[in-house]
Structure formats: C-alpha cells, structure tokens
1. Tell me, please, whether a residue that is under 15 Å from Arg108 (Cα atoms) and in contact (Cβ under 8 Å) with a residue 24 or more places away in the chain can be found in the range 28-38.
2. Leu37 passes all but one of (1) closer than 17 Å to Phe101 by Cα; (2) modelled with pLDDT under 95; which number fails?
3. Are any residues in the range 70-116 touching a residue at least 60 places away in the same chain (Cβ under 8 Å), in a loop (DSSP other than H, G, I, E, B) and surrounded by 16 or more Cβ atoms within 10 Å (Cβ to Cβ), and if so, which ones?
4. Among the residues of the range 117-128, which ones are basic (Lys, Arg) and part of a strand (DSSP E or B)?
5. Between Glu18, Glu51, which is among the charged types (D, E, K, R), surrounded by 17 or more Cβ atoms within 10 Å (Cβ to Cβ) and in contact (Cβ under 8 Å) with a residue 24 or more places away in the chain?
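The values are calculated or read from the model by the stated rules, or taken from the named source; none is laboratory data. Everything quoted here is computed from the prediction, not taken from an experiment. A quick note on method: Cβ atoms are made from the backbone with ideal geometry, for glycine too, and the neighbour counts reach across all protein chains shown.
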Amino acid sequence: MANYLAEHPGGAAISDNEISYQNGTFIVTLRAPTGVLATADCPSGWYCFYELPNFGYPRGRLSSCGRQNLATWQWQDRVESAHYNLGSGSVWFYYYDMKLFAVGTGNRVRSDAAPYREWPNYVDRYCP
C-alpha cells in the first residue's frame, strides 16, 4: 500500500487493501480477495476498470455521472478491462475525444479492452 500511495499520492487508506481519493469519489482496490479467480467483481452501484485483462487487479471504481479525466487519479493509460454494475445507464471510455468502447446495462463487461488496452484517459457516464 505504501508503494502505491507513493506512486499515486492524494489517497487515504480505508482498509488494508483499499485507497480512497476525493472522499470516496474514487476507490482503488489493490488485490482481489484471496481465493477469487479473475472475474468481473465490481461492487453494486459502481463501474469498475482493471489494470489487466480479464479483470486483473488493481481495480479502480467510480459512480459519478458525466465526463471525468482518469489522470485525476493517475489511471490514464492503464485500463485493460471493465465492468458496469449500476442499475441504469452506461459509461464510455475515451482517448481524449475519441470513443473507444462502452459498458452499461446492455453489455456489462468487457474482459479485454483490446485493441485499446491502456488507451483510455477519460470516462463519460450517462445517467438517465
């Protein structure tokens, strides 16, 4: 955890495995729970993005509507898979203004962001 916080300052540890940024707006989970195979495991009420394909950790998560710069949390150029676990809406992943891929209620998971691995630097969640 200390290494992650040194490389990605501004967060506060909220458990031995999670870091909160901006009072819980953005949460990073460093490791999957012990014994859990790689699976889409985003908590209800959030959309998540993972640093490795097939939902490999670390995992970042957001729930806010609208466009956000992933650089705010040093997550630009890191997303390789995603899971949407909200009851409505969708989220687009962007490289600046270029749409790359989306996840939402109609297509909740993207296990591999290829050919756009490590491209996303913005997200834009549509909230109906």
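1. Step one: filter the range 28-38 for residues under 15 Å from Arg108 (Cα atoms), giving none.
The answer is no; no qualifying residue exists.
2. All conditions are met except number (1).
3. First, pick out the residues of the range 70-116 that are touching a residue at least 60 places away in the same chain (Cβ under 8 Å): 73-74, 108-109, 111, 113-114.
Now narrow it down to the ones that are in a loop (DSSP other than H, G, I, E, B): 74, 108, 111, 113-114.
Gln74, Arg108, Ser111, Ala113 - these are the residues of the range 70-116 that are touching a residue at least 60 places away in the same chain (Cβ under 8 Å), in a loop (DSSP other than H, G, I, E, B) and surrounded by 16 or more Cβ atoms within 10 Å (Cβ to Cβ).
4. We begin by selecting, within the range 117-128, every residue basic (Lys, Arg); these are 117, 125.
The answer is Arg125, and nothing else.
5. On the way: Glu18 fails: in contact (Cβ under 8 Å) with a residue 24 or more places away in the chain.
Being among the charged types (D, E, K, R), surrounded by 17 or more Cβ atoms within 10 Å (Cβ to Cβ) and in contact (Cβ under 8 Å) with a residue 24 or more places away in the chain holds for just one of Glu18, Glu51, which is Glu51.
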